[in-house]
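Notes for the one structure printed next.
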Amino acid sequence: MSRLVEHYKDEESIIAWQIDNELGHEGSDMCYCHQCEYRFREFLKNKYKEIKRLNDVYGTIFWGQTYNNFGEVPAPRPTITMHNPTLSLDWARFRSYSINNYAKLQIDLVKGIKGEHQKVTHNFSGGFFEKAYDLNKVAEELDFASYDNYPVWGGLREPLRPSHIAMTLDYIRGLKDKNYWIAEEIMGAQGHNIIGYLPRPNEAKMWAYQAVAHGCENMLFFRWRGMTKGAEQFCLGIINQDNEEGRKFYEAQSFMRDISNYEEVINSKIKSDIAVLYDFDNNWSWHYQQQSSKFNFTEELLRLYTPFYELNTNIDVISVDKNFAKYKVLIVPVMQIIDDNLGKRFEEFVNKGGTIVFSFRAGIKDKDNNLYFGRATPCNIREISGIKIKETEALQEGKNIEITGVDKYNNRIAYCQVWRDLIIPENAKVLYKYNDKFYSENACITENEYGKGKVYYIGGGVDIHILKDIAKEIIVENRIRYIESQENLEVYIRDFKEEEWMFVNNHSSEKMKFQGEIIGPYGSKIVKKDKKI
């Protein structure tokens, strides 16, 4: 690598270096070799200093797991049941530490040689929350983040939902709180051995417009020409192996010609009043103890993200470690690890007038991945949420519990799946309660005023349509800009020089109507807000 960078450091046409490729993709971030196990033990020794301290934190007296020295601590390889939860979380932290150090080694090498006009990036792949490393740590060292945007790939019968695609773009932007590149943007069908859904006419082009709307400044389609040899023969490109120009070629060409007219608009900084928070310690904790067979972290994040997305608001998706004081609304899905410090940050945010939306299992664990002793949940947010939870239930596959609205939501019926917290209101107002024989006195969704702000608690995996009502109330109350549109018609607003520009994308195969104009199937338009489409 050093010889390559040295050779091209003065080349004007080379403006950026990409280190590695899709770190952690397809399980490449997990390894249980003896070398990793040895380094893991060093990692633990540096962290705990004494084996007694590790035994105390892990609670290894249970199941007779007490270690005599660090050399006895195993890498948590697949086993017949499960490993100690704290051991598993420390293993995840070690994997992240190892991978981020490996990335930094490459970044430092390139930065030490490259030309002054050249930047350094990395192309992150999707599935962020299933990764064994914290992407934020790599992003800190980069000049800008890049992403490989594949709304559909081999094995999928159909593309990701529009809100899911949008969330991934908002996540990449959130890594550095700035616009990003897309190093690989899909144009043709993709697959190594199983080939995925074929993007319909204009659909891949529409995904490119959506990416630009959410902060992509520069884009490379993958790929120019399909391969005839090697493992990616079926990763199709702008031109197929026949080497002839066709529909995909003309779609990519028309996109590039059109988007170049809006360079200043797409380079502008995106401002969001809403932030979705995540924490990799929390993600890893869920990974090792799923609790419900229906649980999926990304789906639970999308459950809270989607109602705000469907109202066409601007949303950032950021690590909980970042400063969230600037936002008006925080969305905090299934944050089971909430320590004292984070609880105080949430309290300060609400006291000053912010609104927080929590969902189930919030605040049940500390940073060691252990349950809080002697405290009713949700720990560290109990006062601001105005509730306590004494009993909970995992709702496994096929289990749906009816909930019913109260007061302003009276007669509204919905269902809860995945999980349910049986909420006991203390100061909070009940919005929805369970509609069953034994727990009809317990709330499912609550609202609590605290300080100058407000806290909502969503006690289970509830239907999105009732969350959209709550989302709209929050948006209106906090004076956040939004636009109502038909389902699958996304309108994203960018601000530039006191002007509002609308990126309108039709995610459906049917014609859609917006502000009196027709948007064709998978059509896209960019217009000033005060002008007709």
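The values are calculated or read from the model by the stated rules, or taken from the named source; none is laboratory data. Everything numeric here is computed off the predicted structure, so don't read it as measured data. Neighbour counts are summed over all protein chains in view; Cβ atoms, including those assigned to glycine, are modelled from backbone coordinates with ideal geometry. The area values use the complete protein model at the heavy-atom level, side chains included, leaving out ligands, DNA and RNA. Shrake-Rupley method; radii C 1.70, N 1.55, O 1.52, S 1.80 Å.
Remarks
Residues checked against (1) modelled with pLDDT under 95; (2) within 24 Å of the chain's Cα centre (by Cα):
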{"position": "Lys468", "(1), (2)": "no, yes"}
{"position": "Ile475", "(1), (2)": "no, yes"}
{"position": "Ile480", "(1), (2)": "no, yes"}
{"position": "Asn488", "(1), (2)": "no, yes"}
{"position": "Glu498", "(1), (2)": "yes, no"}
{"position": "Asn506", "(1), (2)": "no, yes"}
{"position": "Lys511", "(1), (2)": "no, no"}
{"position": "Gln515", "(1), (2)": "yes, no"}
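- Of all the residues in the stretch 360-377, those that are surrounded by fewer than 16 Cβ atoms within 10 Å (Cβ to Cβ) and outside any loop (DSSP other than H, G, I, E, B) number 1.
- Residue match in the stretch 511-520 (condition: buried (at least 18 other Cβ atoms within 10 Å of the Cβ), out of contact with any Cys (no Cβ under 8 Å at 6 or more places or on another chain), closer than 24 Å to Glu300 by Cα and of a type in the set (A, V, I, L, M)): no
Residue by residue, here is whether (1) β-branched (Val, Ile, Thr); (2) surrounded by fewer than 21 Cβ atoms within 10 Å (Cβ to Cβ); (3) over 18 Å from Ser125 (Cβ atoms); (4) in contact (Cβ under 8 Å) with a residue 24 or more places away in the chain holds:
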| residue | (1), (2), (3), (4) |
| --- | --- |
| Gly155 | no, yes, no, yes |
| Arg161 | no, yes, yes, yes |
| Ile172 | yes, no, no, yes |
| Lys176 | no, yes, no, yes |
| Ile182 | yes, no, no, yes |
| Arg200 | no, yes, yes, yes |
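- Qualifying residue in the stretch 363-386 (condition: within 25 Å of Lys271 (Cα to Cα), small (Gly, Ala, Ser) and modelled with pLDDT of 95 or more): no
- All conditions in (1) under 27 Å from the mean Cα position of the chain (by Cα); (2) surrounded by 19 or more Cβ atoms within 10 Å (Cβ to Cβ) hold for Pro425, with the sole exception of (1).
- Of all residue pairs spaced 6 or more apart or on separate chains, those with beta-carbon atoms under 9 Å, a first member in the stretch 408-420 that is more than 16 Å from Asn296 (Cβ to Cβ) and open to solvent by 90 Å² or more (accessible area, probe 1.4 Å) and a second member that is part of a loop (DSSP other than H, G, I, E, B) and not hydrophobic (A, V, I, L, M, F, W, C) are Tyr415/Asn400; Tyr415/Asp463.
- Residues in the stretch 9-61 that are hydrophobic (A, V, I, L, M, F, W, C) and part of a strand (DSSP E or B) were compared, and the one that is surrounded by the fewest Cβ atoms within 10 Å (Cβ to Cβ) is Ala16.
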